[in-house]
Structure formats: C-alpha cells, structure tokens
1. Could you tell me how many of the residues in the range 294-324 are crowded, with 17+ Cβ neighbours inside 10 Å and touching a His at 6+ places or on another chain (Cβ under 6 Å)?
2. What tally of residues in the range 61-78 results from selecting those that are within 25 Å of Leu152 (Cβ to Cβ) and either of a type in the set (S, T, N, Q) or out of contact with any helix residue (DSSP H, G or I) (no Cβ under 7 Å at 6 or more places or on another chain) (or both)?
3. Would you confirm, using the coordinates I've provided, whether Val327 is farther than 18 Å from Met239 by Cβ, at pLDDT 95 or above, surrounded by fewer than 24 Cβ atoms within 10 Å (Cβ to Cβ) and not charged (D, E, K, R)?
4. Which residue, of Ser262, Ser320, is of a type outside the set (D, E, K, R) and under 18 Å from the mean Cα position of the chain (by Cα)?
5. List every residue pair whose Cβ atoms lie under 6 Å apart, where the two residues are 6 or more positions apart in sequence or sit on different chains, the first residue falls within the range 256-272 and is free of Cβ contacts under 8 Å to residues at least 60 places away in the same chain and over 18 Å from Ala297 (Cα atoms), and the second residue, located anywhere, is surrounded by 14 or more Cβ atoms within 10 Å (Cβ to Cβ) and hydroxyl-bearing (Ser, Thr, Tyr).
6. Can you find a residue that is surrounded by fewer than 24 Cβ atoms within 10 Å (Cβ to Cβ) and of a type in the set (Gly, Ala, Ser) anywhere in the range 269-280?
7. I'd like the residue in the range 344-403 that is over 21 Å from the mean Cα position of the chain (by Cα), under 23 Å from Arg326 (Cβ atoms) and hydroxyl-bearing (Ser, Thr, Tyr) and, out of all such residues, is surrounded by the most Cβ atoms within 10 Å (Cβ to Cβ).
8. Which ranges mark the helices (runs of 4 or more DSSP H) fully within the range 306-408 that have 3 or more residues being touching a residue at least 60 places away in the same chain (Cβ under 8 Å)?
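The values are calculated or read from the model by the stated rules, or taken from the named source; none is laboratory data. Please read these numbers as outputs of a predicted model, since none were measured by experiment. So basically every Cβ, Gly included, is an ideal-geometry build from the backbone, and we count neighbours across all protein chains shown.
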Amino acid sequence: MDRIVVSGGAELHGEVTVSGSKNSTLALMAAALLPEDETVLHNVPKLRDVDTMLEILRALGAKADWRDSRTICIDASTVNNPEAPYDLVRQMRASFLVLGPLMARFGTARVSEPGGCAIGVRPIDQHLKGLEALGAKIQHDHGYVEAATSELRGGRVAFDMNTVNGTQNVMMAATQARGETLIENAAREPEVVELAEVLLAMGADIDGAGTDRIRIRGVGPLHGIDHAVSGDRIEAGTMLAAAIATRGDVMVRGVDPLQLESTLEKLREVGCQIEVGIDCVRAKMEGPIAPVRAVTAPFPGYPTDMQAQLMAVLTLASGSSVVTERVFENRFMHVPELQRMGADIALSGRSAHIRGVPGLMGAPVMATDLRASAGLIIAALAAEGDTVVNRVYHIDRGYERIEAKLRGLGADIRREN
C-alpha cells in the first residue's frame, strides 16, 4: 500500500493547473447513459473513482474507455443490463447516479446501495423520494434498490434537505419524463449547473439550474456531445490553502474563481492576499495567520470539502478559531491525526475549537477519508521534520498526482510503495 512522505518547511511558490472536477466528471459519465450514441468528455482527471465509474458503465453494457490521458468516450447504445453491481457501487457514493439515467432509458433499474468515505450518514431517501414523485415504484432487496415504472411522468419534487446527487439523479430522469418536473430546494452547486449545461447540449429542456428551483420539461431522445469538464474547485482551494500554510506565493490555474467565492472570502480573512483572473487565482501569504470562525454549508456557503484543509491552516493561526461542521456529522476524523503533529484542537459537538500553535511537528499519521488526507498533507508541508501519511488510497480518489503537483511548487514530497 502506498504512503506519502513529506519533509516540511519549504515555502510553496510557482504555478499549478488543477485537473478537471472529479464530482462533475462522475455525474457527466452517468448522464452519458441517456443518449443512444457516443459522448466524449475532455479534461477528465485520472482518478480511481473515474476508473470505477468506467467499470460500472461497462457492467451495464456500455462501451466506455479512455481515448487518451485526458479524454474518455462513452457509447451507451449497447447498454443492455440495467443492474449496477455491489462490488463496484460500494466503492463510491456517486455511482448511485446511474439510477436516474437507467430509469429514463429503460423504465427499470437495480442498483446496489452505495458506499464511499465514512464521513457520516448520507441517506439515499431523497433520491428515491424524487424518483417516486416521477412515478417510479421502489423496492429494497438484499442491499439493492429496485425501481420500475411503466412510464416516467413529470411531477413536483420538494427535497427535505440539500442533496447534490439527489438533485442530479432526478434531473436526469426527468429529461425523459412525460410533462414537466419542478424540483424545489434543489442543490445549487456548480456541479449541478454543469450537468444541466451538458443535458441542455444533449437536447434537454431545463431552466433554473444554480437556483433552488429547477424546471425540466421532458423531451424525446437525447444525443451525445463533446464536453470539456470544468476545473476542480476543491483541488484549487486545497492548493491555495497549502500556499497559506507554508507562507508561499502560488498561482492556481484552470478554475473559475466564481465557484470559489466562499473559500476565497475565508482565505482573505486569515490574512492571505488573493488576486483573481478569468480562470486563475493567486494566493500570497505574508505575516501571521489570523484566526477565524467558519461554518460549513451547502453552496454558496463554505464547502464541507474544504473544512479539513482550512483547519490545517488554522492550527498555525495567532489565536483561537472555531470551525463548525453542519453538513456531515462525522467529518472530524482528521483531528486526532493533527493532534499527533502538535495541533491544539478540542471538539465540542459539531464544532472544533482550534488554538494556534507556533509550529507543527512531523509524525506518522493515517488518512481517514479523501479531504482529511488533503488536510494532513497541508499540515505536513508546514511542519518541522518528516511526516508519513498512510492509507493514501483515499487521496487518490479525488486528487490526481497531488505529490507531483506540490513538488512542482517546491515541496519536498514523495510517494513510497
């Protein structure tokens, strides 16, 4: 099993280009099941989760593979098996996104209940509630969700909570439903907007994406398209946080700064100089890190996927900070690992109280989930001495060659087998 070794203390300087968005890519791969011809996605990150989704699409009967190191081609005309197996779906939660497209294409689907990072309960009841509103009959059978209908029909879907994947699943199914579907309390994340843009290009009729009310009018068959995936906003935020923790100066390219507004606002609060361009953000850190209060929330609030990275920065702040996690109830598993490095953090319910320390010390630590891994690497970059981050298969789910990109900015970091 691989591990990442970091010798801390080097300031990060230079430019880095982020990969395509993992979360957008997985949703767009699921959407490629809707047309009965080929969809081509460019700027795709080379990640374990992407390969898992390719395996799922193949298990359904699609022709799906890499054309080159940045492009995948998906031909769904050969899909003939509307069942997504447990061995694949258990590996990541986003694989449940095939349920909506399969219902739209075939009126039936059998999909294993999903897995993924153990960061808290992420129920699928909102997905199923939405599909039931479109006429699907849902049954649970030995860990599988079975859905069937003689005809999908438009309806009103009012989600009880913010659900990105639930919104996406219903959007995709509704493109082929008879009549009009209204999704209320819809997720507003950029990944929802990008999916809507791709569905529109395929021939769907959607408006309101990016607001909490999305309207979809069912249409005839969709067609495949070519699309370049947007840059990964969480990878961009991670690189900016690493620049701050090491008192560096880094330009991050390939990302829309508008998708990062809440993150950039918080990074400015800690004292970082932030400059934005059309598709780039520069972070330059001089002077002490200021303490802040942060509360995670659905977009456009501060992202839960940037909580661990911010906490790593705040362990070095000149004062006390409070980070409150409102999205997932079990997303502080990185705290004991940061404490092993000398961080002063106390947990109280869903809040972490962080008293900044003069410096962190390298130590052996264990990655517990995807974003926790990124937080530990940021802490290691700023720490004195060597840090060994174990179980890095988590980080390989969401960051493409993170050690190579950080090394290009001057970090002393390597992967060991």
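1. So the answer is 1.
2. Initially, the range 61-78 is screened for residues within 25 Å of Leu152 (Cβ to Cβ), giving 61-62, 64, 74-78.
Now drop any that are not either of a type in the set (S, T, N, Q) or out of contact with any helix residue (DSSP H, G or I) (no Cβ under 7 Å at 6 or more places or on another chain) (or both), which leaves 75-78.
Qualifying residue count, the range 61-78: 4.
3. Here the answer is no, as Val327 does not meet what is asked.
4. Ser262
5. none
6. Scanning the range 269-280 turns up at least one residue that is surrounded by fewer than 24 Cβ atoms within 10 Å (Cβ to Cβ) and of a type in the set (Gly, Ala, Ser).
7. Filtering the range 344-403 for residues that are over 21 Å from the mean Cα position of the chain (by Cα), under 23 Å from Arg326 (Cβ atoms) and hydroxyl-bearing (Ser, Thr, Tyr), the one surrounded by the most Cβ atoms within 10 Å (Cβ to Cβ) comes out as Ser351.
8. Counting at least 3 such residues, we get 307-314, 370-382, 402-407.
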